[in-house]
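Down below is the structure, laid out as structure tokens.
The values are calculated or read from the model by the stated rules, or taken from the named source; none is laboratory data. Since we're looking at a predicted model, the values are computed, not measured. A quick note on method: Cβ atoms are made from the backbone with ideal geometry, for glycine too, and the neighbour counts reach across all protein chains shown. Just so you know, the surface numbers come from the protein's heavy atoms only, side chains and all, with ligands and any DNA or RNA stripped out. Shrake-Rupley method; radii C 1.70, N 1.55, O 1.52, S 1.80 Å.
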Amino acid sequence: MTDSSKEVLNSIHDFPLEQQALFEQNGFLVLREFVDSDVVAEMLQITQDHRRLAIEPVEYESDLHYPGAPTSRQESGGATIRRLKQAHCRGIVFTDWINSDALKSRLERLLGPRLVCPLAHHNCIMTKEPAYSSDTGWHQDIRYWSYEQPNLISVWLALGKESLENGCLQVIPESHRMSFGQHQFDSELFFRDDHPENQKLLEQRQPVELNPGDVLLFHCRTLHAATRNYSKTTKFSVVFTFRAAENSPRQGSRSASMPEMLLP
């Protein structure tokens, strides 16, 4: 890991210029101990209740057919939940956190003073189970989204420990500033790990291991991936995405298919 990609601990009250520079250079940034433990505990309790009751809307592992997932809802493990959708509707604690000054102040420095939280992308709680979870291949989120500019930031909050063992995110530093050809992706728009042009870059992968309350910011062009969960406990993560107000979704696209939240 280069010095420029090392994590810098932050104060909850400010956003040092060196952290902003790290994000802009690497396409991701970890904010340690960013969310209070009581907020994390409340989010986790709601998550566990909604997971146990399978409160809709949900996405099942078998819906996506990623490696490791059951092939249908009828087979063993077919009812394994991959994520609880529409997180902001599952408890006011999620909406309050989106609108918290600590988070908004950092996003405003990176995106501009008028922020929007799209509800069509992410806006979910990832629930990676110890059995029947799946591998998510290397990809850039923007390849699935449609906006005037490819400049959005996702905010990933760990509700528990995230490690290589339980399938933490892995990222490629500086990949958000790179250009790739269509031939470097497969038909499902995953970055091919068997392509000679890609393999040297993938050697630079960096795991992002987190503790409860840690937050990962990552750019929509940052290549990232995750393995299935090889531990014995479920991993829970809250994920929202943000854009500048002037960076509108393209009409008729999935990105424009749902209302959005304009942050005050």
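Would you list the helices (runs of 4 or more DSSP H) that sit entirely within segment 1-83 and hold 2 or more residues that are modelled with pLDDT under 95 and open to solvent by 80 Å² or more (accessible area, probe 1.4 Å)?
Ranges flagged: 17-26.
Of the residues P259, P264, only one is within 19 Å of C124 (Cα to Cα) and open to solvent by 20 Å² or more (accessible area, probe 1.4 Å); which?
P259
Listed residues K128, K161; which is open to solvent by 40 Å² or more (accessible area, probe 1.4 Å), among the basic types (K, R) and either out of contact with any Lys or Arg (no Cβ under 9 Å at 6 or more places or on another chain) or within 22 Å of I46 (Cβ to Cβ) (or both)?
Within the list K128, K161, the selection yields K161.
Return only the number of the condition from (1) within 15 Å of the chain's Cα centre (by Cα); (2) over 25 Å from N26 (Cβ atoms) that R90 does not satisfy.
(1)
Report, by residue number, each residue of segment 186-198 that is touching a Lys or Arg at 6+ places or on another chain (Cβ under 9 Å) and part of a helix (DSSP H, G or I).
Within segment 186-198, just N198 meets the criteria.
Just give me the residues in segment 171-197 being touching a Leu at 6+ places or on another chain (Cβ under 9 Å) and buried (at least 19 other Cβ atoms within 10 Å of the Cβ), in sequence order.
Passing the criteria: V171, I172, S175, H176, F191.
Looking at (1) on the phi > 0 side of the Ramachandran plot; (2) open to solvent by 20 Å² or more (accessible area, probe 1.4 Å); (3) modelled with pLDDT of 95 or more, can you tell me which one W145 breaks?
(1)
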